[in-house]
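Down below is the structure, laid out as structure tokens.
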Amino acid sequence: MGKNAGKKRKRSEKAEAVAVPKKEESAPERPVRTLLGWKDKNQIENEVEVMDNETRSPVFRNKEKVLVTCSRRIVYRYRHLMLNLVSLLPHCKKDNKVESKETKGATLNELVELKNCSSCLFFECRKAKDLYLWMAKCPNGPSVKFLVSAVHTMEELKLTGNHLKGSRPLLTFSSNFEKDAHWKLLKEMLLQIFETPKDHRKAKPFHDHVFVFSIVDDHIWFRNYQISVPHNESDKLPRGGLDKMTLIEVGPRFCLNPIKIFGGSFGGPTLYENPFYVSPNQIRALQKKKKAGTFAKKVKAKTRRKMHEINNHLEPDEFADMWKD
């Protein structure tokens, strides 16, 4: 009995051991590897939810990007002006030169689309003398054509002002921009193109300079100033320090004379045409005529003098040959 009982116990122990299922010894899931390191699955799901909420939120995000380019055979001074503007706008993209032909509008629109931009600044040089600036919102417009004059680059001026590269500027406009409809349109275009987006990756979160746009004699004058504030030794602003704030000019300087405003991008229906605009070619032609008139006056005076000498002939002087011997 004792032996059988022992055997039965052994069988029952074996059956219990078989009946109890073994725990699965499976390895834990490895975290996902990314460029920034290892990430857990839960962390990735949370980030995806946050991104979905951001995309669904109605908050406006400024994604303005500006393409800056120029025409071929541009003069070095105008090219330096373009490079100065590129250094002032961290949200711009520079591209190769474009041939200034009749089809330049289609070419530039295609370039803007390829570069994933929404605006364009095109510097067009004619006769190695005249600089025109096309300012366009792509691909639907509007666009403006300016004549650029009174150009002074940063290298020429050598001013004492200096500000952080890539910082966001404050934009100020004179009260004349609220006078007419075309000035309001130009103000909105300048605001959208020259304003640096808040969360742009190349922009720095500081406001240490000002872009000033003012209308004088129906021309838009551009100036760039550094905001200079006095500091203590502890590098903190003293009380009332904002009252002592001064502006120091940095550069560049230029003047924009609006010629035409078009409804489309680099063309389309004419929304506004400047009645006071005179092309540089006409000015040079008038100056040539003026010079030609002075030469004609000299020729006429010469002929009058000869006729006067012929009509009033002088009598021979009797003492003219006295001292010849």
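If the requirement is being in contact (Cβ under 8 Å) with a residue 60 or more places away in the chain and closer than 25 Å to C70 by Cβ, which of these qualifies: K115, K198, K145? Step by step, each of K115, K198, K145 is checked, and only K145 is in contact (Cβ under 8 Å) with a residue 60 or more places away in the chain and closer than 25 Å to C70 by Cβ. Answer yes or no as to whether L185 is modelled with pLDDT under 85 and either assigned to a helix (DSSP H, G or I) or within 20 Å of G161 (Cα to Cα) (or both). Judged against the criteria, L185 is not a match. Of the residues making up the range 141-156, just one is of a type in the set (S, T, N, Q), within 15 Å of I259 (Cα to Cα) and buried (at least 19 other Cβ atoms within 10 Å of the Cβ), namely S143.
Whenever a residue of the range 64-85 is closer than 18 Å to E156 by Cβ, its partners that are in a loop (DSSP other than H, G, I, E, B) and among the polar types (S, T, N, Q), lying with C-beta atoms within less than 6 angstrom and at least six residues away or across chains, give the pairs H80/T153; L81/T153; N84/T153.
Exactly one residue out of F254, F319 is open to solvent by 50 Å² or more (accessible area, probe 1.4 Å) and either closer than 30 Å to F213 by Cβ or among the aromatic types (F, W, Y) (or both): that is F319.
Every condition in (1) open to solvent by 50 Å² or more (accessible area, probe 1.4 Å); (2) of a type outside the set (V, I, T); (3) under 21 Å from L85 (Cβ atoms); (4) not in a helix (DSSP H, G or I) holds for L191 except the one numbered (4). Taken over the range 258-282, the criterion of being exposed (fewer than 11 other Cβ atoms within 10 Å of the Cβ) and either in a helix (DSSP H, G or I) or without any contact (Cβ under 8 Å) to a residue 12 or more places away in the chain (or both) is satisfied by P269, T270, P275, Q282. Taken together, D325, D243, D321 contain a single residue that is among the acidic types (D, E), in a helix (DSSP H, G or I) and at pLDDT below 85, which is D243. Only one entry of L159, L186, L171 meets the criterion of being open to solvent by 20 Å² or more (accessible area, probe 1.4 Å), closer than 30 Å to P275 by Cα, touching a residue at least 12 places away in the same chain (Cβ under 8 Å) and of a type outside the set (D, E), and that entry is L171. Only one of the listed residues (C92, C125, C138) is surrounded by 13 or more Cβ atoms within 10 Å (Cβ to Cβ), within 28 Å of P269 (Cα to Cα), in contact (Cβ under 8 Å) with a residue 60 or more places away in the chain and not hydroxyl-bearing (S, T, Y). That residue is C138.
The values are calculated or read from the model by the stated rules, or taken from the named source; none is laboratory data. Not measured: the values here are computed from a predicted model. Counting neighbours? That spans all protein chains shown, and the Cβs are built from the backbone with ideal geometry, glycine included. We work out accessible area using only protein heavy atoms, side chains counted, and drop any ligands, DNA or RNA first. Shrake-Rupley method; radii C 1.70, N 1.55, O 1.52, S 1.80 Å.
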